[in-house]
Amino acid sequence: MSSRSVFVTEFDFTLPRGLVDEAGVVHRQGVMRLATAKDELMTQKDRRVKNDPAYSTLVILSQVITSLGSLTTVTPEILENLFTQDLAYLRELYNRLNQQESSSQPVQCPECSHQFEVEFALSGESSATP
């Protein structure tokens, strides 16, 4: 029996506030998958993104969020109703999952000028089972 590592492509998350749908239901638990090259290309071709490049965030997130509460589909129009705190959370999660870079940032103490790294962590983030 060979010991192969499992490549995790989906990640559970919990929104800080939650998306409130038209019926007033709050959706906080979700799953985001890793982005593909196709996701990035489709986002660039989207007419809404061509008219307003800032809309690309909602388009790409709608493609990689595979579930959000009891919603059966996640569209850019649905994500327009996110609270800004939740949108910022999802942007950061997307970047951390897809850039595979360190989630630390160099900082400097304003009092003594000592430089050090601060590790960023997102609350509610955990790995899902593939």
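Every number in this text was worked out from the coordinates using simple rules, so none of it is lab data. These figures come from a predicted structure and were not determined experimentally.
Points worth noting:
- Less than 5 angstrom separates the built amide H of GLY69 from those of ARG28, GLN29, GLY30, all sequence-distant by 5 or more or on a different chain.
- Principal axis dimensions, the range 10-125 - Cα atoms, whole angstrom, descending: 51, 32, 25
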